[in-house]
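Down below is the structure, laid out as structure tokens.
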Amino acid sequence: MRYAARRTWPEKIKTWEYISEAEDMEAFALMFAEDKHLDADTEFVVIEKAGAESEIEFFKVTRTAPYALIAAEPRVEPASNPAPAGASAGASAGASVAARTSADDSPGMIDGGAEAIAGVWRAMFGNALFFGKVGATAMLIFVSIIFLAKWWFNAW
């Protein structure tokens, strides 16, 4: 199976840090922790890259030599909003987190709304500036050709 992983707390990263294949999710999580040399108490999320029905799990590093992992509660919100407790609440939280993590793969989604709007305005201004420069250059070339035709060839 193909899996992807990234740290969730305290360093929340928007892209997947590690993508690879493994026998199961726990083996992949252990491989990610060892390869990235994660510190103890580091939390990370692992998702199965199988499509819309992807499984998602959170892990926490408990020991570094040798590495040991435990299942962790989803913590994607600030510390002031604790994650819901209970198996059914954890499953529904995992489903909403899975929807959010798939949305994080494409830039400019809900989490970065202000940055997305700023990027659109920046692109619009850049395009307007570009077309202004192209238009001014075309006008300068046209006027230069007319000037050369008048003075060198006495066309008018």
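Annotations
- Placed amide H near T42: partners under 5 Å, 5+ positions off or other chain: V61
- The lysines whose alpha-carbon is closer than 30 Å to the alpha-carbon of K150, local same-chain residues fewer than 8 away aside, are K133.
- For the peptides 127-140, 27-40, 61-74, residues were scored by their other Cβ atoms within 10 Å and the scores averaged per peptide; the highest-first order is 27-40, 61-74, 127-140.
- Per-residue packing, averaged as other Cβ atoms within 10 Å, sorts the ranges 144-150, 14-20, 43-49 into the order 43-49, 14-20, 144-150, beginning with the highest.
- FRET efficiency, 1/(1 + (r/R0)^6) with R0 30 Å, evaluated for E53 and M124 via beta carbons: 0.20
Quick note: the coordinates plus some simple rules give every number you see, no bench work behind them. Fair warning: this is a prediction, and the values are worked out from it, not measured in the lab. Cβ: placed from backbone, ideal geometry, glycine included. Neighbour counts: every protein chain shown.
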